[in-house]
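The values are calculated or read from the model by the stated rules, or taken from the named source; none is laboratory data. This is a predicted model, so every value here is computed, not measured. Quick reminder, even Gly has a Cβ in these numbers, built from the backbone with ideal geometry, and neighbours come from all protein chains shown. Surface accessibility is based on the protein's heavy atoms, side chains included, excluding ligands, DNA and RNA. Shrake-Rupley method; radii C 1.70, N 1.55, O 1.52, S 1.80 Å.
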Amino acid sequence: MPTPAPYDAIILGAGASGLFCAQRAAGRGLRVAVIDHADKPARKVRISGGGMGNFTNLHASSANYLCANPHFVKSALARLSPWDVIDFLTRLGVTYEEREHGQLFTLTGAGHLAGILVDRCRKLGAYLLTGRKIESVDGPGPFRVVAGGESLEAAALVLALGGPSWPQAGATDLGFRLARRFGLALVNPRPGLVPMTLGPADRERFAPLAGNALPVTIECGPVRFTDPLLFTHRGISGPAVLQISSYWREGEPVTIDFLPQGRVADLMEGNRSSSMLLRTLLGRALPKRLVQTLLPEALASAEVRRLDRRQVEEAAGLVHGLTITPSGTEGYAKAEVTVGGVDTANISSKTFACANVPGLHVIGETLDVTGHLGGFNLHWAFASAAACADAL
Ligand code: FDA
C-alpha cells in the first residue's frame, strides 16, 4: 500500500543512490516516493561488476574521485565508510569477496544486491513507482511531480537520476536537464571509464594485437594507473585505459609503459654477450606480436651482443614510453560513468541540498563526482544518498 500523500520527499530515479536514499529516509519514518521510468529499478546495479556488483572499495577516499572541488566528497565518505556498507548489506544477506586493490564484489550477484535495495524500500513503506514517465516537475514550495498520470507533492525533491552513460540500461540526461531548469550550473559532462579509439594509422598498426591483454602503466598528464590494457579492434580498453579515460581530454596524448614491472636495460644486462635476437629476449617478457609491432624490424632482429647504447635506449624508449593520441572514446554507449555533471559549488557536501533552491537535493552520479574503477561509484551513490537521507 502506498504511503498516504503528501510526501516528505519525492526521489526521482530508483537506481543505486535513489533506492539507498529512499530506504534510509523511510527508515527514519519519512514518507517517501521514488519514481523511475524503467519497469525494473536499479538496472545499472544489476549489471555492475560483470553481474557480481563491485559494491564498495576498502580504500575509498577522496583521492579516488574526480570533482572540480576535490574536498567535496570528504564529508559523505567520512559518514558512510566501506565498513558501514558491508555491515548494511551483510545484515541483509549479501555475502562478498575481496579482490585485488580492495575491491569488494558480492558472491550472491548484483541482481540480489538490487533486489535487496528494492525490498528494503518496500518493507519500510517507501512508495515505488516504476515504469512511469516523468511528465512534469514543478516547485519548490511544494514540489509537484506528475508521473504516469499520477500527481505527487512533497516539500523536498531529490534528483537521483544518474548520468547519460550506458543508455541501453535506461540512462538519460533528465537529471542534468532538470538541474539546469532549477538554475544549477553543470560541469561539462563527458563519457568516463570508457574504451578509447585510435586513428586509422594506429588502428592498422595495433590491429594484429586485438584480443591481447597485458599489464601496463598508462599516463595522461600528471595522472597514471598501473593495470591491464586490452587491445581491441577499434583501439584500447581494459582497466588501465578505462581509468585514464576519465582524465583524458580530446587531442591529448597518452603514454604507455608496456613493461611496468621491469626494465629493458635490466633484461639486457643479464644477456650482454648473448647472440639471441632482441625480439627473442623481449619476447620472454612481452607478447611476441607486441614486440614486433613496437620495434622496427632492423632493431628487433639484431643480436643482443651487437646492440650499442643508442639502440638499447631506443628499444627501452619504445617499450617503456609509447606515446599515442587516441582519436576519441567509444562514447556514452560504452561508458560506465559520466564525468562532470551538476556543479557542486552550490550543493552542501553535508546535506546535498542546493543553496539556491529550498528543498532540492542532488545525489549520486548526477553530481560532478566520478569515482575510479573499483567499486568507488556505487560507494559514492550510497554515501551521498545516506548523507542526503539523514538531512531530509
Ligand atoms: P543510476 O544510474 O544507478 O540510477 C539512475 C536511475 O534514474 C535509473 O534507475 C534510471 O532508470 C532512472 N532514470 C534515468 N533517466 C530517467 C528518466 N528520464 N525518467 C525516469 N527515470 C530515469 N560502479 C561501481 O561502483 N561498481 C561496479 O561494479 C560498477 N559496474 C558498472 C558496470 C556498468 C556496465 C555500468 C554502466 C556502470 C557500472 N558502475 C559500477 C557505475 C554505477 O553503476 C553507477 O555509478 C551508479 O549506478 C550510479 O548511481 P545513481 O543512483 O547515481 O544512478
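Which of (1) within 20 Å of residue 287 (Cα to Cα); (2) surrounded by 17 or more Cβ atoms within 10 Å (Cβ to Cβ) is the odd one out, the single condition residue 192 does not satisfy?
With (1) within 20 Å of residue 287 (Cα to Cα); (2) surrounded by 17 or more Cβ atoms within 10 Å (Cβ to Cβ) applied to residue 192, the lone miss is (1).
Open to solvent by 50 Å² or more (accessible area, probe 1.4 Å) and within 9 Å of the ligand (Cβ to nearest atom): which single residue out of 35, 47 fits that description?
None of the other options fit; the residue is 47.
For region 293-315, what are the residues that are out of contact with any Pro (no Cβ under 8 Å at 6 or more places or on another chain), of a type outside the set (Gly, Ala, Ser) and within 23 Å of residue 229 (Cβ to Cβ)?
Result: 294, 295, 296, 299, 314.
Among the numbered conditions (1) open to solvent by less than 60 Å² (accessible area, probe 1.4 Å); (2) touching a helix residue (DSSP H, G or I) at 6+ places or on another chain (Cβ under 7 Å); (3) not hydrophobic (A, V, I, L, M, F, W, C), tell me where residue 102 comes up short.
Result: residue 102 fails condition (2) only.
Is it the case that some residue within region 375-391 is more than 16 Å from the ligand (Cβ to nearest atom), within 31 Å of the chain's Cα centre (by Cα), closer than 30 Å to residue 141 by Cβ and of a type outside the set (Phe, Trp, Tyr)?
Taking every residue of region 375-391 in turn, at least one turns out to be more than 16 Å from the ligand (Cβ to nearest atom), within 31 Å of the chain's Cα centre (by Cα), closer than 30 Å to residue 141 by Cβ and of a type outside the set (Phe, Trp, Tyr).
When region 124-148 is examined, which residues are found to be crowded, with 19+ Cβ neighbours inside 10 Å and more than 12 Å from the ligand (Cβ to nearest atom)?
If the condition is that a residue be crowded, with 19+ Cβ neighbours inside 10 Å and more than 12 Å from the ligand (Cβ to nearest atom), then 126, 127, 139, 143 are the ones that fit.
How many of the residues making up region 164-190 are within 13 Å of the ligand (Cβ to nearest atom) and either out of contact with any Gly (no Cβ under 6 Å at 6 or more places or on another chain) or of a type in the set (Phe, Trp, Tyr) (or both)?
Matching residues across region 164-190 total 15.
For residue 361, only one of the following conditions fails: (1) surrounded by 24 or more Cβ atoms within 10 Å (Cβ to Cβ); (2) under 24 Å from residue 58 (Cα atoms). What is its number?
That leaves (2) as the condition not met.
Please tell me if residue 12 is out of contact with any Lys or Arg (no Cβ under 8 Å at 6 or more places or on another chain) and more than 8 Å from the ligand (Cβ to nearest atom).
No; evaluated as a whole, the condition is false for this residue.
Inspect region 107-123 for any residue being loosely packed, with under 15 Cβ neighbours inside 10 Å, among the small types (Gly, Ala, Ser) and either within 13 Å of the ligand (Cβ to nearest atom) or more than 22 Å from residue 225 (Cα to Cα) (or both) and give the result as yes or no.
Within region 107-123, not a single residue is loosely packed, with under 15 Cβ neighbours inside 10 Å, among the small types (Gly, Ala, Ser) and either within 13 Å of the ligand (Cβ to nearest atom) or more than 22 Å from residue 225 (Cα to Cα) (or both).
What do you reckon, is residue 264 farther than 30 Å from residue 182 by Cα and touching a His at 6+ places or on another chain (Cβ under 7 Å)?
In short, yes.
Taking strands (runs of 3 or more DSSP E) that do not extend beyond region 1-62, which have at least 1 residues that are of a type in the set (Gly, Ala, Ser)?
Fully inside region 1-62 and qualifying: 7-12, 32-35.
If a residue has to be in contact (Cβ under 8 Å) with a residue 24 or more places away in the chain and either more than 10 Å from the ligand (Cβ to nearest atom) or surrounded by fewer than 23 Cβ atoms within 10 Å (Cβ to Cβ) (or both) to count, how many in region 149-163 make the cut?
7
List, please: which pairs have Cβ atoms under 6 Å, are six or more places apart or on different chains, and start with a residue in region 202-214 that is at pLDDT below 95 and end with one that is open to solvent by 70 Å² or more (accessible area, probe 1.4 Å)?
Here the result reads 208/289, each pair linking region 202-214 to a residue that is open to solvent by 70 Å² or more (accessible area, probe 1.4 Å).
Which one is modelled with the lowest pLDDT, of the residues in region 64-98 that are under 20 Å from residue 373 (Cβ atoms) and loosely packed, with under 15 Cβ neighbours inside 10 Å?
Here the answer is 70.
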